[in-house]
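Chemist: The following block contains the structure, expressed as structure tokens.
The values are calculated or read from the model by the stated rules, or taken from the named source; none is laboratory data. Computed from a predicted structure; not experimentally measured. Positions of Cβ are generated from backbone atoms using ideal geometry, with glycine treated the same way; all protein chains shown enter the neighbour counts. Only protein heavy atoms, including side chains, enter the accessible area calculation; ligands, DNA and RNA are left aside. Shrake-Rupley method; radii C 1.70, N 1.55, O 1.52, S 1.80 Å.
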Amino acid sequence: MIPYTTEAVKLLMEGAKALAKVEGDGIRMDVSYLDRTIKETGQKIQGMEAQLKKSEIAKEWKKTFGAKMNFGSSTQLGKLLFEVLKYRSSDFTASGRYKTDEAALRSVDIPFVRDYLEIKKLQKIQTTYLQGIQREIVGGYLHPFFNLHTTRTFRSSSDSPNFQNLPVRNPELGRMVRSAFIPRPNGHLVEMDYSGIEVCIAACYHKDPRMIEYISDPTKDLHRDMAMECFALPKSEMNNPVDEEDKKRIKRIRYCGKNMFVFPQFYGDWYKDCAVSLWQAAEQLQLKLRDGTPMRKHLATKGIKSLSDFEEHLRKVENFFWNKRFPTYTKWKKDWLRAYQKNGYLITKTGFVCQGQMRRNEIINYPVQGSAFHCLLQSLIWFVRHDLKKRKMQAKIVGQIHDSIVADVPHEEMAEFVPMAKEIMTERLPERWKWINIPLTIEIEASPINGSWAEKKGIKE
């Protein structure tokens, strides 16, 4: 993509200046916590490795490979588990080797593999994240770079370190890393996250009334509805949780509907890939009904007894999703693709041109992803270059992660900062860009005073 209009060029220039200020201010780090955690993690890894090497499976590994035994070799591990020990392999690489990523190894449910994966997880935390962050700290502050010129969609990227790639899906790992990030004295780290911004901006393009209804009506929940359809569940299984455990159960099932069907479908995936992800998740995440019935057992009562059965079920779900539930969205995708094939380029809502060789999914997704990020970028510009200066506030914007902005806010400014954030991100932006035809919402979380980023909790205006 390239900027096409004067407004698009200005957005990039102003954005670069704003992000330079973010980089310069930096985010404060708990250096002593970081040093201590790196040391403790290393000691834990050494202890676990020593114990694991005493196991019978490790002895078999040594026997099989002799002097060439490499405890870090995934190729050796695959041969050991699936050829020597005869465990069933769940998948293969394109070159025909046994897959030994976490998802594949989880299917071998034995203590050795569980401990091996735990060691790998800790090693990545220690080297990629904790030590990677430690190397970049200057005077107690981290100054990650934020770039606007490295991705084709004109989303931002980050490096030295990659602030946008900190672990979040694994709560334990996320907590370990984010505990190192702290506010300036007597302050809070505040994260402002656009809720479902790409789904919202996609609706500004395709204008599907059913999708707009889902976005605008807080009583409706697309991810919940699709989770119910994917797993053939009645509404009673996903409504009115009876206690905290039941709430977590519903949340896990909804998570699968959101991240293994809805979003993959939006980004161009198809039912077969979705079926594999959901089928595995039912077992790995121990999904179950309210009465404790395992999800796969429930599916069997619906005549879905194998992955191939589930694929056929998902094929019907996908067909209904696009052709019955969101037909206007489906028509827009076809029209948008034809326009690109005819002209060789597309112009985004924010004035950028998408051109060059693109796959079908990229033609549909790039304009949406770019425009969604530009909403965040324009908000960040207003924060950094206008509002905070105008109000003479000491609050600083210290980071940006795709759909969210991270700020360091003095305690005495919180009462002013939170409503200001809502006004900038949800009210001023639709006034600036009239093509935004749906309500924008943000979720705001803040750390306790002097607390770490890992301790953030949702706050109300």
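Chemist: Classify the range 124-175 from the C-alpha gyration tensor, please: rounded if a/c falls under 1.5, else prolate or oblate depending on whether a/b exceeds b/c.
Modeler: Oblate.
Chemist: Starting from 0 in steps of 5 Å, tell me what percent of the Cα-Cα pairs of the range 242-330 lands in each bin.
Modeler: All Cα pairs, binned at 5 Å, distribute as 3, 13, 22, 24, 18, 12, 6, 1 percent.
Chemist: Once a ≥ b ≥ c are taken as the square roots of the eigenvalues of the Cα gyration tensor of the range 379-419, is the result rounded (a/c under 1.5), prolate (a/b larger than b/c) or oblate (a/b not larger than b/c)?
Modeler: Numbers: a/c = 1.97, a/b = 1.33, b/c = 1.48.
The shape class here is oblate.
Chemist: Past 23 Å, Cα to Cα: identify those pairs from 235/297; 124/258; 247/297; 235/456; 207/235, in the order given.
Modeler: Flagged as over cut-off: 124/258; 235/456; 207/235.
Chemist: So if I take the alpha carbon set of the range 349-461, get Rg, then get Rh from the Kirkwood formula, what is the Rg over Rh ratio?
Modeler: In the range 349-461, Rg relative to Rh is 1.03.
Chemist: Still on this structure, I have one more. Between residue 157 and residue 457, what FRET efficiency follows from the Cβ-Cβ distance if R0 is 25 Å, with the result rounded to 0.05?
Modeler: 0.30
Chemist: Hey, another quick one. Counting Lys and Arg as +1 and Asp and Glu as -1, what is the net charge of the other residues whose Cβ lies under 12 Å from the Cβ of residue 283?
Modeler: So the environment of residue 283 carries a net charge of +3.
Chemist: Would you rank 214, 4 by solvent-accessible area, highest first, keeping every protein chain in place and using a 1.4 Å probe?
Modeler: Heavy-atom accessible area, descending, gives 4, 214.
Chemist: Sticking with this one: Please compute P(r) over all alpha-carbon pairs of the chain, binned at 20 Å starting from zero, and give each bin as a whole-number percent.
Modeler: Distribution as computed: 20, 50, 28, 1 percent.
Chemist: Select from the chain the helices, each a whole stretch of DSSP H, whose alpha-carbon atoms run 30 Å or more along the helix axis and whose Kyte-Doolittle mean is at least -1.0; answer none if there are none.
Modeler: 31-52, 360-382
Chemist: Quote the FRET efficiency, to the nearest 0.05, computed for residue 86 versus residue 31 with a Förster distance R0 of 56 Å and r equal to the Cβ-Cβ distance.
Modeler: 0.70
Chemist: Continuing with the same structure: Counting only the heavy atoms of the protein chains, how much of residue 10 is accessible to a 1.4 Å probe, in Å² to the nearest 10?
Modeler: Accessible surface of residue 10 is approximately 130 Å².
Chemist: Let me ask something else about it. Using a probe radius of 1.4 Å on heavy atoms only, what accessible surface per residue do you get for the chain? Whole Å² is fine.
Modeler: 50
Chemist: Could you work out what % of the accessible surface of the range 123-209 is carbon and sulfur, using a 1.4 angstrom probe and leaving DNA, RNA and ligands out of the count?
Modeler: Carbon plus sulfur share of accessible area: 52 percent.
Chemist: Restricting to Cα atoms and excluding each atom paired with itself, what does the Kirkwood estimate give for the range 23-73 in Å?
Modeler: In the range 23-73 this quantity evaluates to 13.9 Å.
Chemist: In debye, nearest 20, what is the charge dipole magnitude of the chain about its Cα centre with +1 on Lys and Arg Cβ and -1 on Asp and Glu Cβ, if you could check?
Modeler: 1080
Chemist: Would you kindly state how much longer the chain becomes between residue 213 and residue 343 on full extension, computed as 0.36 nm times their sequence separation minus their alpha carbon distance, in nm to one decimal? Intermediate values should be presented prior to the final figure.
Modeler: Numbers: separation 130, 0.36 × 130 = 46.80 nm, distance 3.22 nm.
Gain on stretching residue 213 to residue 343: 43.6 nm.
Chemist: In the structure shown, do any of 99/120; 79/272; 392/422; 53/99 have a Cα-Cα gap over 20 Å, and if so which?
Modeler: Going by Cα-Cα distance, 79/272; 53/99 fall outside the 20 Å limit.
Chemist: While we're on this one: Nearest 500 deg cm²/dmol is fine: what mean residue ellipticity at 222 nm does the chain get from its DSSP H runs of n ≥ 4 alone, each adding -39,500 (n - 2.57), divided by its residue count?
Modeler: Details: 20 runs with 223 residues, N = 461.
That comes out to -14500 deg cm²/dmol.
Chemist: While we're here: For the range 29-184, what's the radius of gyration and Dmax over Cα atoms, in angstrom?
Modeler: 18.9, 55
Chemist: Can you tell me how much longer the chain between residue 252 and residue 290 gets when fully stretched, taken as 0.36 nm per residue apart minus their C-alpha distance, in nm with one decimal?
Modeler: 12.4 nm
Chemist: Working from the alpha-carbon coordinates of the range 46-124, get Rg over Rh, Rh being the Kirkwood radius.
Modeler: Here Rg/Rh amounts to 0.93.
Chemist: At 0.36 nm per residue, and after removing the present C-alpha to C-alpha distance, how many nm does the segment from residue 259 to residue 2 gain when stretched out fully?
Modeler: Numbers: separation 257, 0.36 × 257 = 92.52 nm, distance 3.02 nm.
Stretched out fully, the residue 259 to residue 2 stretch lengthens by 89.5 nm.
Chemist: Mind pulling up the Rg/Rh value for the range 171-235? Radius of gyration and Kirkwood radius, both on Cα.
Modeler: So for the range 171-235, dividing Rg by the Kirkwood Rh gives 1.17.
Chemist: What figure in square angstrom, to the nearest 10, would you give for the accessible area of residue 313 with a 1.4 Å probe?
Modeler: 40
Chemist: Can you give the Kirkwood hydrodynamic radius for the range 283-440, in Å, rounded to one decimal and based on Cα pairs?
Modeler: Taking every pair of different Cα atoms in the range 283-440, averaging 1/r and inverting gives 20.2 Å.
Chemist: Would you kindly compute the Cα radius of gyration of the range 307-384 and its largest Cα-Cα separation (Dmax), both in Å?
Modeler: 16.7, 54
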